[in-house]
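Before any comments, here is the structure.
Read the figures in this text as sums done on the coordinates, not as results from a lab. Model, not experiment: these values are computed from the prediction. A quick note on method: Cβ atoms are made from the backbone with ideal geometry, for glycine too, and the neighbour counts reach across all protein chains shown.
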Amino acid sequence: MVMMKVLGIENTLSTKIDEATLVTNKITIKELINNLKDSEKQIIILRYYKEKTQTEVAKMLGISQVQVSRIEKKILMEMRKEIA
C-alpha cells in the first residue's frame, strides 16, 4: 500500500526528473520511510498517504499543529538530502 501512493511524497521531495530517477527515488523513499521512528513514520503516512491535514494529524496524535509542521519539515529535509 505504501508503494502505491509514493507519488504524493515523491512530488514533494523532488524536482523535474526522468522516469528512471523517479523509480529509483520511489524505492529510496520507501526505504527511508521504513527507517523512520514510528512517530515520524506515522506523521508521513497520515500526511502523504492518508492525505490528512497537519491539524487533523495533530488531533490524532495529541500534539500541536506546529509540532506536526516542524517534525514533517525536518523529515522531508532529511529525505531530500538522501535522494539528492
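What does the C-alpha gyration tensor say about the overall shape of segment 40-80? Classify as rounded when a/c is under 1.5, otherwise prolate if a/b is larger than b/c, or oblate. Here segment 40-80 falls in the oblate category. Database remark: amide H of Lys52 closer than 5 angstrom to the amide H of Arg47 (H placed geometrically; neighbours at sequence offset of 5 or more, or on other chains; Pro and chain starts carry no H). Summarising the label geometry, the points placed 7 Å from Cα in the beta-carbon direction at Ile63 and Lys81 lie 1.8 nm from one another.
So which of Lys30/Lys59; Lys52/Lys73; Lys59/Lys81 end up more than 23 Å apart by C-alpha? Correct reply: Lys30/Lys59; Lys59/Lys81.
For the ranges 23-32, 42-51, what's the packing order if you count other beta-carbon atoms within 10 Å of each residue, average per peptide, and put the highest first? Walk me through the numbers before you get to the answer.
Working: 23-32: 15.7, 42-51: 18.5.
Put in order of decreasing packing, that is 42-51, 23-32.
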